[in-house]
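For reference, the structure is listed below as structure tokens.
The values are calculated or read from the model by the stated rules, or taken from the named source; none is laboratory data. Quick caveat, the model's predicted, so the values are computed rather than measured. Because the Cβ atoms are built from the backbone with ideal geometry, glycine has one as well, and the counts that use them run over all protein chains shown.
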Amino acid sequence: MVFSSRVNWEETTLLIDETPMQLPKDWGKYVDEPVTEKELTKLRRSVIRQSPYGDSSWEIQIGKELGLESTLRPRGRPEKMNRGKSSLSPCPFPGVKPI
């Protein structure tokens, strides 16, 4: 059994307050759709990172407007550009191997 505060909107007109916009006729169907794993992962990331959630272009726009760009970037240090290659220069002393 699933519990929710959503009621059958087609059968009732009881609202605490008016909605800020007109709801589509198939709103109940949209709300009842299960969330995909991809959407759930993105939503969890948004909650944990406190970043905007929505369409990618909207996230970027709002992130810039609100100064939240850092919440949209991956965490941690950036990966090295020359992946797999050693960034150490050869040892200048003959016969000594770098650590």
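For the range 31-51, which residues satisfy the criterion of being more than 17 Å from I62 (Cα to Cα) and under 8 Å from the mean Cα position of the chain (by Cα)? Within the range 31-51, T41, R44 meet the criteria.
Quick one: would you say I60 is out of contact with any Lys or Arg (no Cβ under 7 Å at 6 or more places or on another chain), closer than 18 Å to E39 by Cα and either at pLDDT below 95 or in a loop (DSSP other than H, G, I, E, B) (or both)? Criteria met by I60. Inside the range 40-56, can you point out the residues that are in a helix (DSSP H, G or I) and under 18 Å from R73 (Cα atoms)? T41, K42, L43, R44, R45, S46, V47, I48, R49, S56, listed by residue number.
So which residues in the range 66-86 are at pLDDT 90 or above and loosely packed, with under 10 Cβ neighbours inside 10 Å? Reasoning before the result, please.
The initial filter retains those residues of the range 66-86 that are at pLDDT 90 or above, namely 66-72.
The one that is at pLDDT 90 or above and loosely packed, with under 10 Cβ neighbours inside 10 Å: G67.
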